[in-house]
Amino acid sequence: MELKQIATAGTMESSDLMITLSPNETGLVIDLQSNVEKQFGQHIRALITEMLTKFDLTNVTVSAVDKGALDCTIKARTVVAIYRGLGKTDYDWKEINAWIA
């Protein structure tokens, strides 16, 4: 699949993640800003990549600003941004819940 448009999800509040996805033609690029990047940066990137892989998205530029988000929040925000970027409104909640749990 390919993103149709730039999409954002999340907030800049504590314990949240603001994520923006943009289509590109150069593969997956993740720009992460986080106060805990040294400790958890690799893990956060892996969670984002996992969700993008579920949708078979490979040509995406990701800009993520982490404010201490938990894994479930990172996954949920990424899925919302993906759906917005794809222009989809028909959510398969059973499948999504299986990914986020």
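The values are calculated or read from the model by the stated rules, or taken from the named source; none is laboratory data. Everything numeric in this text was worked out from a predicted model, so none of it was measured. We place every Cβ from the backbone using ideal geometry, glycine too, and count neighbours over all the protein chains shown.
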(request) May I ask you to say which residue of Ala76, Ala81, Ala69 is under 26 Å from Ser14 (Cβ atoms), touching an Asp or Glu at 6+ places or on another chain (Cβ under 6 Å), aliphatic (A, V, I, L, M) and buried (at least 18 other Cβ atoms within 10 Å of the Cβ)? (result) Ala69
(message) Here is a check on your reading of the model: is Asn35 modelled with pLDDT under 95 and over 13 Å from the mean Cα position of the chain (by Cα)?
(response) yes
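A quick yes/no check of all residues on (1) modelled with pLDDT of 95 or more; (2) within 20 Å of Val29 (Cβ to Cβ):
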position: Thr49; (1), (2): yes, yes
position: Leu52; (1), (2): yes, yes
position: Thr58; (1), (2): no, yes
position: Ala64; (1), (2): yes, yes
position: Cys72; (1), (2): no, no
position: Ala76; (1), (2): no, no
position: Arg84; (1), (2): yes, yes
